[in-house]
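Trainee: The following block contains the structure, expressed as structure tokens.
Read the figures in this text as sums done on the coordinates, not as results from a lab. Since the structure is predicted, the reported quantities are computational estimates derived from the model, not experimental observations. Neighbour counts run over all protein chains shown; Cβ positions are idealised from the backbone, glycine included.
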């Protein structure tokens, strides 16, 4: 089982356990654990997106040597900008 599937399974189990337990502090700990795992999963997915974008940028630039960090940082900047734009688009406007 790959790491992403493993974390998704753990999130599912923690969420289910939180719904089943009667003890509120224990339920809270399960919900907190599930949220922590969701954050970890998002970070993993973003890292993969940055890696893919950096590779695209590197290829577009003709595959120059010794500029990995430059392409990684540019990929992070571009994706962060896209994520922020998407977040802004998801926020409903007041009428």
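Trainee: Between 0 and 90 degrees, rounded to the nearest ten: what's the tilt of helix 3-20 against the longest Cα principal axis of the chain?
Mentor: Roughly 20 degrees between the two axes.
Trainee: Same structure again: How far is helix 68-90 tilted, in degrees, relative to the longest principal axis of the Cα atoms in the chain, given as a value from 0 to 90 rounded to the nearest 10?
Mentor: That works out to roughly 50 degrees.
Trainee: Then there is this: Sort 69, 57 by Cβ crowding within 10 Å, fewest neighbours at the top. Numbers along the way, then the final one.
Mentor: Values: 69 9, 57 16.
So the residues, fewest neighbours to most, are 69, 57.
Trainee: Using r as the Cβ-Cβ distance of residue 70 and residue 45, and R0 as 22 Å, what FRET efficiency do you calculate, to the nearest 0.05?
Mentor: So the FRET efficiency works out to roughly 0.45.
Trainee: If you don't mind, another one. Just subtract the alpha-carbon distance of residue 77 and residue 29 from 0.36 nm times their residue separation and send over the number in nm, one decimal.
Mentor: In short, 13.8 nm is gained.
Trainee: Still on this structure, please answer the following. Report the label-to-label distance for residue 7 and residue 89 in nanometres (one decimal), using points 7 Å from each Cα along the Cα→Cβ vector.
Mentor: For residue 7 paired with residue 89, the spin-label model returns 2.4 nm.
Trainee: Which angle between 0 and 90 degrees, to the nearest 10, do you get for helix 24-60 versus the longest principal axis of the chain when only C-alpha atoms count?
Mentor: Once rounded, one gets 10 degrees.
Trainee: Can you tell me, using C-alpha contacts under 8 Å and at least 6 residues apart, the relative contact order of the stretch 3-90 as a whole percent?
Mentor: Values: 52 pairs, mean separation 19.3, N = 88.
With pairs under 8 Å counted, the relative contact order is 22 percent.
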